[in-house]
Amino acid sequence: MEVVKNSTNHPGVDEIYLRTREKMPHVSLGTVYRNLEQLSEQGYVQKLEIGNEPKRFDPNPAPHNHFKCSSCGAVEDLPFVSIKRLQSEFSESLRGHRIEGYQLTIYGLCSRCTAEQGFNGVSNDTSVQDEGKEGG
């Protein structure tokens with residue numbers, strides 16, 4: 001758990017395994033994976049399943065959203081939008097449904113990749129659809 005808690009980059013199982021082996025050379029990948037799953041189920045860490053990518057683990061178990069850079073793959077925390085707000089905003093389309101949770105990931109270029117590629121900030125691209133990204 002220490003490896004995840006000391007991370008800011010939302011590491012995957014492989015990265016956590018390699019960093020754990022630095023302190024515990026005989027630990028197996030299966031042990032690390034099982035412990036991460038248990039920590040997630042018990043609410044100590046948040047398991048992130050973003051698209052078809054390998055699972056990542058977030059040391060912050062509190063509800064919040066994420067931004068994923070489509071260039072370098074970095075994942076950053078974003079503020080949480082409450083379920084009550086979502087229910088209010090989507091009351092017509094969610095009539096008869098009971099929301100139990102959600103996970104939102106916004107895709108784009110992080111500030112570093114934006115600067116490296118010569119862009120100057122938030123995109124004004126009108127082709128981005130409010131409905132979200134297909135397949136994710």
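Taken together, the values in this text are just the output of simple stated rules run on the coordinates, not laboratory data. Computed from a prediction, not measured in an experiment: that's the story for all the values here. FYI the Cβ positions are ideal-geometry reconstructions off the backbone, even for glycines, and counts take in every protein chain you see.
Descriptive notes on the structure:
- The lysine pair count for the chain, using Cα distances under 17 Å and pairs eight or more places apart or on different chains, is 7.
- Placing dummy labels 7 Å off each Cα toward the beta-carbon, the span from Ser82 to Lys47 is 2.9 nm.
- Normalised contact order of the chain, rounded percent, pairs of Cα under 8 Å and 6 or more residues apart: 21
- Most mobile of Leu94, Leu29, Leu39 in a GNM of the chain (Cα contacts under 10 Å): Leu94
- Here each label is just a point 7 Å from Cα along the line to Cβ, and for Lys55 and Lys23 those points are 2.0 nm apart.
- Cα-based helix-to-principal-axis angle, 29-41 vs the chain, degrees rounded to 10: 50
- Per-residue Cβ neighbour counts within 10 Å put Phe57, Phe90 in the sequence Phe90, Phe57, beginning with the fewest.
- Calculated mean residue ellipticity, 222 nm, the chain: -8000 deg cm²/dmol, from DSSP H runs (n ≥ 4) at -39500 (n - 2.57) each, averaged per residue and rounded to 500.
- Shape category assigned to region 1-68 from the gyration tensor of Cα positions, a/c cut at 1.5: prolate
- DSSP beta bridges fully contained in region 63-122 are about 50 percent antiparallel.
- Normalised by 2.2 N^0.38 Å, where N is the number of residues, the alpha-carbon radius of gyration of region 59-106 equals 1.38.
- The chain: antiparallel DSSP beta bridges as a percent of all, rounded to 5: 65
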